[in-house]
Amino acid sequence: MKRKITVFPILSAIFLALAVFVQNVLFVPPARSDSPACESFGITRFPEKKEAPAFSLKSLGGNTVTLSDLRGKPTILFFWGSWCTACKEDMALLQKFADGKKDQITIFTIAVDGEREKRVRGIIKDNKVTLPVLLVLKENVIKNYGINAIPVTYLISAEGYMAGKILGQRDWSSPDAWSAIKEVFHLR
């Protein structure tokens, strides 16, 4: 008989905890977002101010580009690989997205397999990409940015801080794309 009495309070406590969970988690209306375009386009905003990891990379043109060179204008860093079909599709859309926006933002594509420069050049030529291309050779950029999947895009503020991240393929031709970028960088 004592055994039945001890089970009842435990089951009651579990039932009560489950009821509180259902009421507070499952039926709570979603919080209003102050970044609706970002959410719609799939941008993850960074909650804390964190400086973007510095880098120094060779461009397809042969010169070296550093992150500090990019300060003063919001920057989009699009990481891609020559084997990645989704990356190539995104790059073509990103090229169209960039048209008419060069006064407001800087866009770089970064080939994570830059040691295959000849292949990267072929892809850029075939897809008619005129955006600047940086090559990751033996630098720690992939590790420093925590890249474990591509395509991935990092949004860097004019001051050099991480403003947002986009993981995976996006439709850069959609109206949400420019709205989200303006929202992240506080552009008009």
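Values computed for the structure shown
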{"quantity": "Separation in nanometres of the label points that stand 7 Å from Cα toward Cβ, at Lys101 and Ala149", "calculated": "2.2 nm"}
{"quantity": "Lysines with Cα under 30 Å of Lys128, excluding same-chain neighbours fewer than 8 positions away", "calculated": "Lys58, Lys73, Lys88, Lys96, Lys101, Lys102, Lys118, Lys138, Lys143, Lys165, Lys182"}
{"quantity": "Likely footprinting exposure, Ser174, Ser157, fewest C-beta neighbours within 10 Å first", "calculated": "Ser174, Ser157"}
{"quantity": "Simple spin-label estimate for Ala86 and Asn127 in nanometres, 7 Å along Cα-Cβ", "calculated": "1.3 nm"}
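Readers should treat all values here as calculations from the given coordinates under stated rules, not as data from a laboratory. No experiment lies behind these values; they were computed from the predicted model shown. Ideal geometry is used to build each Cβ from the backbone, glycine not excepted, and the neighbour counts take in all protein chains shown.
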